[in-house]
Structure formats: structure tokens, C-alpha cells
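Please read the structure below before turning to the comments.
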Amino acid sequence: MKMMTIREAISNALREEMDRDDDVFIMGEEVGVWGGTYAVTRGFYDDYGERRVRDTPISEMAIVGAATGAAMNGLRPVAELMTINFAFVAMDAIVNHAAKVRYMFGGQFTVPLVIRTTTGGGRQLGATHSHSPEAIFAHFPGLYIACPSNAYDAYGMLKASIRDDNPVMFVEHSTLYQKRAEVPVDDPDFMLPIGKSNIAREGSDVTLVSYSKGVHIALEAAEQLEKDGVSAEVVDLRWLRPLDTDLFIESFKKTNRMVVVDEGYPMFGVASEITAQVMDHAFDWMDAPVKRVSAEDAPLPYSRELEQMALPDAEKVVKAVKEIVY
């Protein structure tokens with residue numbers, strides 16, 4: 001095991017997969033000479049050359065469209081989009097092509113494509129660059145959505161994503177790149193299974209469900225709640241699709257109360273889906289309504305103070321828990 005940041009874990013996973021399989025290559029805006037928007041691919045251009053580290057025009061539709069075609073023809077592209085906000089420009093390529101080709105051709109084609117991108121607020125980038133719209137992409141069957149919260153998960157989930165024959169949107173939170181965790185780098189075949197979530201903290205009084213940065217918010221809230229005698233279990237979804245319904249339902253049946261932490265908007269979001277699943281599968285175990293702690297239902301402000309007010313935090317989670325526990 002080696003202590004790494006999420007940035008280092010992702011970079012290491014990419015290198016190991018590129019060394020293992022010559023069909024794996026990287027493409028995107030400034031991924032080569034510049035080394036990527038968040039320096040994940042720094043040094044890759046010198047080590048692998050322009051054939052396998054390809055700088056592209058500033059056109060997300062072209063990036064994903066070309067990557068989809070390359071995947072259909074047997075390569076394993078890792079396409080980088082600077083932020084998930086720019087994925088809106090490539091919606092047709094992502095939703096109507098990458099996600100549907102395998103189904104529409106009856107399995108004659110596969111699309112082993114990974115789209116790496118970043119999400120989330122907290123960096124004062126304004127309304128158009130600070131979305132957390134993962135739920136939009138999770139809406140579509142045929143597309144996997146990975147949302148790691150730590151370096152260990154990012155490493156194992158990315159390696160699994162690159163080796164899978166289905167398209168994966170690998171969504172990294174832009175404020176977590178410096179978070180550190182131990183990573184099993186001595187095992188080149190270490191992978192975490194696609195579609196399996198994790199218990200990040202065990203508890204007995206309430207279940208906190210989240211993903212990506214929301215897991216850290218939930219863990220901070222759990223620490224505060226422990227001082228008040230409330231034992232909170234934290235479920236890290238890891239994947240929004242496939243969604244591991246069984247684990248958070250099992251946790252809910254143990255605690256009988258739930259708060260979902262979601263940096264996306266409250267309308268039609270991840271928290272809404274989790275709540276619906278609990279209603280469908282565990283209604284008889286419910287001792288209180290499921291609470292949602294989401295971003296405010298408004299475009300994210302540019303002002304740092306207003307931005308922080310609009311986003312979920314531990315205090316909001318603690319307040320929501322106390323409303324259903326006491």
C-alpha cells in the first residue's frame with residue numbers, strides 16, 4: 001500500500017493500463033504537452049508519444065464522437081473533458097451513440113470507452129461551470145457512471161472502467177484531487193467491481209447515503225453526531241449506474257432512518273432516486289421520512305460566501321438527522 005492523492009491514483013491507474021494494453025490511449029483538450037487541466041496526464045506525452053496521448057481541438061462533440069468510433073473499432077480510448085459542464089455539448093455522442101450502440105447492434109459492437117471529467121462546486125467558477133449533473137447521465141441505460149470519493153476507490157474503479165466493454169463516465173470531484181488514501185499499487189490487477197458500493201462508516205441510528213465529495217460531508221456530519229450520541233452509518237455509492245440498491249436498503253433496514261447527501265439539485269436528482277428506492281423496497285422498515293440534503297434549487301452563485309451557502313455541508317446534514325432521530 002502507498003499513500004497517494006486522488007490525482008496520483010488516477011495517474012497511476014492510467015499508466016498501468018496503458019503499459020498493460022497498447023490499445024489504451026488518451027485524448028482530449030491539452031492532455032498532451034500541457035498535461036491535462038488538473039495535471040493528471042503530466043509527463044504522459046513524453047513517455048507514450050503523440051500516437052497514444054492525443055491533443056484534440058476544442059470540441060467536446062468531436063472528442064466523444066471520435067472516441068466512440070475508436071472504441072467501436074477495437075481501441076480503448078480514455079477521453080478527457082475538462083468539466084462535466086462541457087459534456088452538454090457532447091450529449092448526442094454520449095447518449096445517442098456511446099450509450100446505445102451495443103444495444104442497437106445486438107452486441108455486435110462494444111464501446112469500451114472511458115470519459116474522464118470533473119464535477120462539483122466549491123471553486124468559485126460561477127453558474128455555468130459548477131454543475132453537479134451526474135444524475136442527468138445516470139438517467140440513460142447503457143452508460144455507467146463512476147463517482148469515486150477517495151484515492152483507493154479512484155484507482156480500483158478506473159482500472160475496472162478501462163477494462164470493461166461498456167462506456168463509463170468517470171466523474172471526479174474537482175475539489176478532491178489532493179485527498180489522500182492508501183492505494184494497493186503493488187497489485188497491477190487490483191480492481192473494484194463495477195456497480196458495488198461501500199460502507200464508509202458503520203452505525204446503527206441513521207443511514208447517510210452519498211457519493212464523491214458528499215461522502216466526506218457525511219463522514220464529517222457523522223463525527224459531529226457521535227458527540228451527541230447518534231450513531232450514523234455512511235454508505236458511499238461509488239457508482240450511480242449500475243446503482244447498488246441492495247447495500248443502502250440493507251443499511252436502512254438496520255437503522256430505519258436515512259438522509260441522502262447530494263450536491264446536485266433537489267429536483268429529479270440522485271437523492272430523489274435513492275428515496276424512491278427506499279419507498280419501494282423498505283417502506284415497512286421506515287420510522288421517519290427520508291431526508292434530502294441537496295444544493296439549493298438555483299444556479300450556483302459566483303460569490304464564494306453565497307456559493308458555500310448553496311451547497312450541502314455537514315451542519316445541514318446534522319440538522320436533517322436531528323429532525324428525524326429526536
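On a 0 to 90 degree scale, rounded to 10, what angle separates helix 213-227 from the longest Cα axis of the chain?
Helix 213-227 sits at roughly 30 degrees to that axis.
Please report the spacing between the Cα centers of region 105-174 and region 197-235 in Å, no decimals.
Each part's Cα centre sits 24 Å from the other's.
Can you tell me the length gained on complete extension of the stretch residue 284 to residue 175, counting 0.36 nm per residue apart and subtracting the Cα distance? Could the numbers behind the result be given before it?
Numbers: separation 109, 0.36 × 109 = 39.24 nm, distance 3.85 nm.
Going from the current span to full extension adds 35.4 nm.
For helix 60-72, what angle does its Cα long axis make with the longest principal axis of the chain, in degrees from 0 to 90 and rounded to 10?
Roughly 70 degrees between the two axes.
May I ask for the angle, rounded to the nearest 10°, between helix 6-20 and the longest principal axis of the chain, with both axes built from Cα atoms and the value confined to 0 to 90°?
40
Per-residue counts of other Cβ atoms within 10 Å, averaged by peptide: what ranking do you get for 258-265, 105-112, 290-297, 150-157, highest first?
Packing order, densest peptide first, comes out as 258-265, 150-157, 290-297, 105-112.
Going by C-beta contacts inside 10 Å, put 25, 268 in order with the fewest on the left.
268, 25
Return the FRET efficiency for the residue pair residue 268, residue 190: r is the Cβ-Cβ distance, R0 is 35 Å, and the value is rounded to the nearest 0.05. Can you show the working numbers first?
Values: r = 36 Å, r/R0 = 1.02.
Here the calculated transfer efficiency is 0.45.
Quick one: grab the alpha carbon gyration tensor of region 181-277, order the square roots of its eigenvalues as a ≥ b ≥ c, and give me rounded if a/c is under 1.5, else prolate or oblate depending on whether a/b is larger than b/c. All intermediate terms of the calculation are to be shown ahead of the outcome.
Numbers: a/c = 1.72, a/b = 1.26, b/c = 1.37.
Here region 181-277 falls in the oblate category.
Candidates [x] 19.5, 61; [y] 20.5, 66; [z] 21.6, 79; which is the computed Rg and Dmax of the Cα atoms in Å?
Matching the structure shown: [x].
Got a sec? Charge dipole of region 2-183, +1 on Cβ for Lys and Arg, -1 for Asp and Glu; which of 59, 143, 122 is way out at the positive end?
122
Only the coordinates and a few stated rules stand behind these numbers; no lab work does. Just so it is clear, the structure is predicted and the values come from calculations on it, not from any experiment. Every residue, glycine among them, receives a Cβ derived from its backbone with ideal geometry; neighbour counts consider all protein chains shown.
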